[in-house]
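Enquirer: Handing you this structure, nothing more for now.
Every number here is computed from the coordinates shown, using simple stated rules; none is lab data. This structure is a prediction, so every number in the text was calculated from the model and none was measured.
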Amino acid sequence: MKKIKKDKCGYYYADVEMQEIYNWGGLGICDSCGEPIFMNGRIGKLVWVLGGCICEKCFNDWQSRNKRYEEDLALQEECAERYYKNYLGKEIEFDGM
Ligand SMILES: [Zn+2]
């Protein structure tokens, strides 16, 4: 069962190994900085609200400045399950649900 976690603002994210990224056809390049994900940490972070998979460095940068928007959270509840299942398979579990 793959865990979908929630950050301090309420946004979902999943920790993903390089093999999981390759499994969905990704190349392991950070969607934020464009560098190989393994160069800036050990794992990737798949984030629905950002629409991509980013490296740990970019995730930490985002975490230090992100804000909670109720509109995003409402849309997230509607759309995120399908998004994560599409990338990670049907066996996912959301924290706090
Ligand atoms: Zn990055």
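Enquirer: Among the lysines, select those whose C-alpha is under 24 Å from the C-alpha of K57, and discard any that sit fewer than 8 residues away in the same chain.
Expert: Within the straight-line cut-off, K57 pairs with K2, K3, K5, K6, K8, K45, K67.
Enquirer: While we're on this one: Working from the alpha-carbon coordinates of the chain, get Rg over Rh, Rh being the Kirkwood radius. Walk me through the numbers on the way to the answer.
Expert: Numbers: Rg = 12.7 Å, Rh = 13.5 Å.
Here the Rg-to-Rh quotient is 0.94.
Enquirer: Around C30, which amide H atoms from residues at least 5 apart in sequence, or from another chain, sit under 5 Å from its own amide H, with H modelled in the peptide plane?
Expert: E35, I37
Enquirer: From Cα pairs below 8 angstrom and at least 6 apart in sequence, can you work out the relative contact order of the chain, rounded to a whole percent?
Expert: Relative contact order for the chain comes out at 33 percent.
Enquirer: How large is ³J(HN,Hα) for each residue in region 71-78, as worked out from phi by the Karplus curve 6.51 cos²θ - 1.76 cosθ + 1.60 (θ = phi - 60°), to whole Hz, x for Gly and Pro?
Expert: For region 71-78, the Karplus-derived couplings read 5, 5, 5, 5, 5, 4, 4, 6 Hz, x marking Gly and Pro.
Enquirer: Pop out the ³J(HN,Hα) list for region 17-28 in order, Karplus 6.51 cos²θ - 1.76 cosθ + 1.60 with θ = phi - 60°, rounded to Hz; leave Gly and Pro as x.
Expert: Karplus values, whole Hz, x for Gly and Pro: 7, 4, 4, 5, 5, 5, 4, 8, x, x, 9, x.
Enquirer: Can you list residues from other chains, or at least 5 along the same chain, whose modelled amide H is less than 5 Å from the amide H of I92?
Expert: Those qualifying (amide H under 5 Å, at least 5 residues apart or on another chain) are K2.
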